[in-house]
Amino acid sequence: MLIAQISDMHIKKPGELLYGRIDTQGFLERAVAHVNALDPSPDIALVTGDLVDGGKPEEYANLKRMLGALRMPYYLIPGNHDARDPLRAAFPEHSYLPRDGFLQYVVEDLPLRLIALDTLVPGKGHGALRPEQLEWLQARLDESDKPTLLFMHHPPFDCGIEALDNALLGEGAERLAAIVRARGTVERVLCGHVHRPIQVRWAGTMASIAPSTAHQATLDLRPGAKLSMTMDPPGIALHLWRPQTGLITHLSYVGPYEGPRPFA
């Protein structure tokens with residue numbers, strides 16, 4: 001099974017630029033075309049939060065139009081820039097989304113079991129998992145010994161970029177790590193939010209962050225460095241599941257680059 005992970009699109013209304021200069025719509029349209037052109041084609045796509053920039057209905061309508069061009073099923077979770085009810089209202093045909101409460105769910109009918117977690121704290125940049133959400137997760141993990149992939153917006157681990165480490169998953173992070181470590185069936189934790197490709201060994205498994213389809217966070221590991229952005233190449237993550245190996249993750253850059261050409 002091949003999974004495409006698209007993250008941190010920050011879609012605005014049609015014709016509106018992010019920060020007055022970044023065409024996030026154009027970036028997402030190119031990312032969707034890139035995913036559709038992959039051979040082999042991904043079986044599904046996971047869209048890991050900050051779907052839109054302001055949580056507005058007209059932004060979700062624009063997002064839906066673009067994601068509707070994907071040739072494979074896709075699954076949504078919110079990020080800190082999203083709003084649960086407008087997101088839910090914009091995608092009524094996505095029956096996996098709960099009709100009220102947290103936007104977390106399980107997808108059962110794939111080689112990997114998928115569990116989506118909702119880390120949104122309305123009006124805040126950081127994330128959280130409430131005790132009732134973690135109880136729900138524990139119950140879902142206890143239902144099956146099948147290899148499981150968790151996906152969520154806010155990473156539950158530090159990434160080394162200090163300004164972002166202060167706005168990751170706060171409440172619930174330690175208990176989440178304990179649940180994952182004790183259960184032992186979580187193959188990978190997939191995240192967004194940081195706008196950089198990052199991998200780490202965490203809670204007895206692997207965790208990773210996908211880049212943004214648009215702008216990236218500056219790779220600045222100096223203590224006290226202020227948060228800034230760069231227009232590094234946009235990208236997506238590709239996760240290849242092979243039972244004999246596990247989940248293999250590749251970074252796929254979106255853009256017109258020379259090649260392929262033989263090494264000779």
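From the list Thr213, Thr249, the lone residue that is at pLDDT 95 or above and assigned to a strand (DSSP E or B) is Thr249.
Of the residues that make up the range 73-81, is at least one in a loop (DSSP other than H, G, I, E, B), closer than 21 Å to His239 by Cα and out of contact with any Gly (no Cβ under 7 Å at 6 or more places or on another chain)?
For the range 73-81, residues in a loop (DSSP other than H, G, I, E, B), closer than 21 Å to His239 by Cα and out of contact with any Gly (no Cβ under 7 Å at 6 or more places or on another chain): present.
Here is the figure for the range 198-245: residues that are exposed (fewer than 14 other Cβ atoms within 10 Å of the Cβ) and touching a Pro at 6+ places or on another chain (Cβ under 8 Å) total 1. Within the range 7-52, take every residue that is assigned to a loop (DSSP other than H, G, I, E, B) and hydroxyl-bearing (Ser, Thr, Tyr) and give me the one that is surrounded by the most Cβ atoms within 10 Å (Cβ to Cβ). This residue is Ser7. Considering only the range 48-67, I want to know if a residue exists there that is within 19 Å of the chain's Cα centre (by Cα), touching a residue at least 60 places away in the same chain (Cβ under 8 Å) and at positive phi. Looking through the range 48-67, at least one residue is within 19 Å of the chain's Cα centre (by Cα), touching a residue at least 60 places away in the same chain (Cβ under 8 Å) and at positive phi. Quick one: would you say Val52 is out of contact with any strand residue (DSSP E or B) (no Cβ under 7 Å at 6 or more places or on another chain), of a type in the set (A, V, I, L, M, F, W, C) and modelled with pLDDT of 95 or more? No: the conditions fail for Val52. Assuming Arg181 fulfils every condition listed in (1) modelled with pLDDT of 95 or more; (2) over 19 Å from Leu247 (Cβ atoms); (3) part of a helix (DSSP H, G or I); (4) not acidic (Asp, Glu) apart from one, which condition is it? Of (1) modelled with pLDDT of 95 or more; (2) over 19 Å from Leu247 (Cβ atoms); (3) part of a helix (DSSP H, G or I); (4) not acidic (Asp, Glu), only one is false for Arg181: (2). Whether any residue in the range 105-119 is buried (at least 17 other Cβ atoms within 10 Å of the Cβ), among the polar types (S, T, N, Q) and in contact with a helix residue (DSSP H, G or I) (Cβ under 8 Å, 6 or more places away or on another chain) is what I want to check. Checked against the condition, which is being buried (at least 17 other Cβ atoms within 10 Å of the Cβ), among the polar types (S, T, N, Q) and in contact with a helix residue (DSSP H, G or I) (Cβ under 8 Å, 6 or more places away or on another chain), the range 105-119 yields no hits at all.
Filtered by the rule that a residue be surrounded by 11 or more Cβ atoms within 10 Å (Cβ to Cβ) and more than 24 Å from Glu162 (Cβ to Cβ), the range 246-260 gives Gly246, Leu247, Ile248, Thr249, His250, Ser252, Tyr253, Val254, Gly255. Among residues of the range 179-195 that are in contact (Cβ under 8 Å) with a residue 12 or more places away in the chain and of a type in the set (A, V, I, L, M), those with a beta-carbon under 6 Å from a residue that is surrounded by fewer than 24 Cβ atoms within 10 Å (Cβ to Cβ) and in a loop (DSSP other than H, G, I, E, B) at least six positions away or on a different chain give the pairs Val180/Ala203; Val194/Cys159.
Residues are listed down the side, and each one gets a yes or a no for (1) closer than 30 Å to Glu171 by Cα; (2) surrounded by 15 or more Cβ atoms within 10 Å (Cβ to Cβ); (3) of a type in the set (Phe, Trp, Tyr); (4) in contact with a Ser or Thr (Cβ under 9 Å, 6 or more places away or on another chain):
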| residue | (1), (2), (3), (4) |
| --- | --- |
| Arg65 | no, no, no, no |
| Pro73 | no, no, no, no |
| Gly79 | yes, yes, no, yes |
| Phe102 | yes, yes, yes, no |
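Considering the conditions (1) closer than 30 Å to Ala225 by Cα; (2) out of contact with any Cys (no Cβ under 6 Å at 6 or more places or on another chain); (3) at pLDDT 95 or above; (4) not charged (D, E, K, R), Ala89 is excluded by exactly one of them, (1).
Pairing each residue of the range 198-210 that is closer than 21 Å to Ile236 by Cα and in contact (Cβ under 8 Å) with a residue 40 or more places away in the chain with any residue that is of a type in the set (D, E, K, R) and not in a loop (DSSP other than H, G, I, E, B), provided the two are 6+ apart or on different chains, yields C-beta distances under 9 Å for Met206/Glu187; Met206/Arg188; Ala207/Arg188; Ala207/Arg201; Ser208/Arg188.
The values are calculated or read from the model by the stated rules, or taken from the named source; none is laboratory data. In this text the structure is predicted, and so the values were computed from the model without any measurement. Cβ atoms come from the backbone with ideal geometry, glycine included; neighbour counts cover every protein chain shown.
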